[in-house]
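For reference, the structure is listed below as structure tokens.
Every read-out reported here was derived from the displayed coordinates using simple, explicitly stated rules and does not represent laboratory data. As the structure is a prediction and not an experimental result, all values here were calculated from the model. Please note: Cβ atoms are built from the backbone with ideal geometry, for glycine as well, and neighbour counts cover all protein chains shown.
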Amino acid sequence: MIKFALIKERKTPPDRRVVFSPQMLKKVVSQFPEASFKVESSDIRIFSDDEYRKAGFDVSEDISNCDVLLGVKEVPIPNLIPDKKYFFFSHTIKKQPYNRDLLREVLKRNIELYDHEVITNKNKARLIGFGRYAGLVGAYNGIRAIGIKENSFELPKAETLPDLKSMLAELDKIDLPAYKFVLTGSGKVAHGAKEILEHLNIKQVEPETYLVNEFNEPVYCHIDVLDYAKRKDGAQGSRKEFYMVPENYDSDFMKFAKTSDVFIAGHFYGQGAPVFYSKEDIQHKDFRIKYVADISCDIAGPVASTIRPSTIAEPFYGYDPDTGGETDFRDQKAITIMAVDNLPCELPKDASEGFGEMFLKNVIPAFYNNDKDGILGRARMTENGKLTPLYSYLQDYVDGTA
């Protein structure tokens, strides 16, 4: 019998998401009767303690007798329990300086850490995450910005709505101007954003048509790497090569920047890849983008107008093309930026239910089939107080020499 626990989220600002909803937890134990679950009491979780009790689960302040502790965000160092297995987003795999001490403490306390971000299949494709919900809320927020800045419609904040269904119902009440939307990315984030555009019945247009035409209705163009990047030597490029050797490519995004009103950034940006546009590009007389919903949110990187993350409380800021600095997003000449970096927190119920579904399908079976597909092996970052071979590249980060 493996004893699992759903842990309380303690990171600030508070996160209401959880790995399993009460109903999903019932599904887990019906499929895996040998799994036992305890729920750490929480006053912020989107599902109340009582909902878990009514579903038949023990809710307690003490989870120290559990083996595998399941969370969402980083566990604050004082709350780490030694000698346990933990699942959470550690935000350490890219050597993020702000979490160095967390990884050091995980090693010191002999914790076996599994990071949700590296729960992948054998082809390294991620199996679980909140990407779809980031895309849904990010696109919704971008559209909300248009209504606020132009005083044309008013959408409530997603976090004030009970669920995705209610958020989509709000979109049914609005009319958009005949803007051209460009959407980047090919993963769950971009597909979440695309769901919003499709719900609004915005017509999809292929790049060749999009770039040379104006329309009397809103339209969107969904582009991938070879639409917005080109080989430096003019030769035919390939998607695979772009990801393997991005240094061979230059940005070709300006043709979209000159023909789009709204940019929804749902791409993954790898190190060495060309930027989408620079500060100088924004100053070009034909630069047209007025709204950026930067769901990817790489600061001071590929999207020059994204100069800082924004927050759920204050999701928008303005970028001044003349100075490269921040200004009021309502300013007429400002590019309005939405760069919230924790978007799925605005749809905690749906995000948790979707996450639990993926976790049940892809992770829980690995505990009972000897990890035959290597799911746990690939996600295990630490073991016996050391980094596992797959993550040994983090040793200089832990030592403080990186």
Find how many whole Å separate the alpha carbon centroid of the range 238-290 from the alpha carbon centroid of the range 349-401.
33
Whole-Hz ³J(HN,Hα) for each residue in the range 322-337, computed from phi via Karplus 6.51 cos²θ - 1.76 cosθ + 1.60 with θ = phi - 60°, x for glycine and proline: what do you get?
6, 9, x, x, 8, 8, 5, 5, 7, 4, 4, 8, 6, 8, 7, 10
Choice from 269, 140, 317 showing the highest fluctuation, given a GNM over the chain with Cα pairs closer than 10 Å
269
How much length is gained on full extension from residue 383 to residue 216, taking 0.36 nm per residue of separation minus their Cα-Cα distance?
54.2 nm
In the range 124-159, which GluC sites (Glu not before Pro) are in a loop and have at most 13 other Cβ atoms within 10 Å, using DSSP for the loop call?
150, 154
So what is the relative contact order of the chain, in percent, for Cα pairs below 8 Å that sit 6 or more residues apart?
18
Taking 7 Å along the Cα-to-C-beta vector as the label spot, tell me the residue 299-residue 401 distance in nanometres, rounded to one decimal.
2.9
Report the Cα-based extents of the chain along its three principal axes, largest first, to the nearest Å.
64, 48, 35
Calculate the FRET efficiency for residue 31 and residue 163 from the Cβ-Cβ distance with a Förster distance of 41 Å, rounded to the nearest 0.05.
0.95
Restricted to Cα positions, what overall size does the range 318-381 have along the principal axes? Three whole-Å values, descending.
59, 26, 13
If you build a Gaussian network model of the chain, linking Cα atoms that sit under 10 Å apart, which residue out of 256, 329, 367 swings the most?
367
Quick one: length gained pulling residue 12 to residue 62 fully straight, 0.36 nm per residue minus the C-alpha distance?
15.9 nm
Peptides ranked, highest mean first, by Cβ atoms within 10 Å: ranges 320-327, 341-348
341-348, 320-327
With r as the distance between the Cβ atoms of residue 369 and residue 125 and R0 = 30 Å, compute the FRET efficiency 1/(1 + (r/R0)^6) and round to 0.05.
0.95
Any idea how far the Cα center of the range 6-81 sits from the one of the range 311-337, in Å?
39
DSSP-defined antiparallel bridges as percent of all bridges, the range 280-371, nearest 5:
60
Label model pair residue 313, residue 254: point-to-point distance (7 angstrom along the Cα→beta-carbon line) in nm is 4.0
Distance from the range 140-212 to the range 110-133 (C-alpha centre basis), Å
28
Which links in 173/290; 8/38; 122/372; 149/349; 361/386 stretch past 18 Å when you go from one Cα to the other?
173/290; 149/349; 361/386
Just the Cα atoms of the range 242-337: what Rg and Dmax do they give in Å?
13.2, 41
Using distinct alpha-carbon pairs, which all enter the 1/r mean, Kirkwood radius of the range 118-226 in Å:
15.2
Relative contact order of the range 62-154, defined on C-alpha pairs under 8 angstrom at six or more residues apart (%):
20
Tell me which residues come under 5 Å, amide H to amide H, from residue 111 once H is placed; ignore anything under 5 positions away on its chain.
83, 385
Mind listing the long-range amide H neighbours of residue 221? Cut-off is under 5 Å, sequence gap 5 or more, other chains count too, H placed in the peptide plane at 1.01 Å from N.
181, 182, 183, 205
Candidates per GluC sites (Glu not before Pro) in the range 52-144, loop by DSSP, up to 16 other Cβ within 10 Å:
61
Provide the descending list of Cα extents for the range 255-402 along its principal axes, expressed in whole angstroms.
60, 41, 30
Can you show me the helix-derived [θ] at 222 nm for the chain, built from DSSP H runs with n ≥ 4 at -39,500 (n - 2.57) apiece and divided by the number of residues, rounded to the nearest 500.
-7500 deg cm²/dmol
Given R₀ = 25 Å, FRET efficiency for residue 110-residue 49 by Cβ-Cβ distance, to 0.05?
0.25
Output the relative contact order of the range 267-340, whole-number percent, from Cα pairs under 8 angstrom with separation of 6+ residues.
32
Using DSSP to define loop residues, name the trypsin sites (Lys or Arg not before Pro) in the range 164-211 whose beta-carbon has at most 16 other beta-carbon atoms within 10 Å.
173
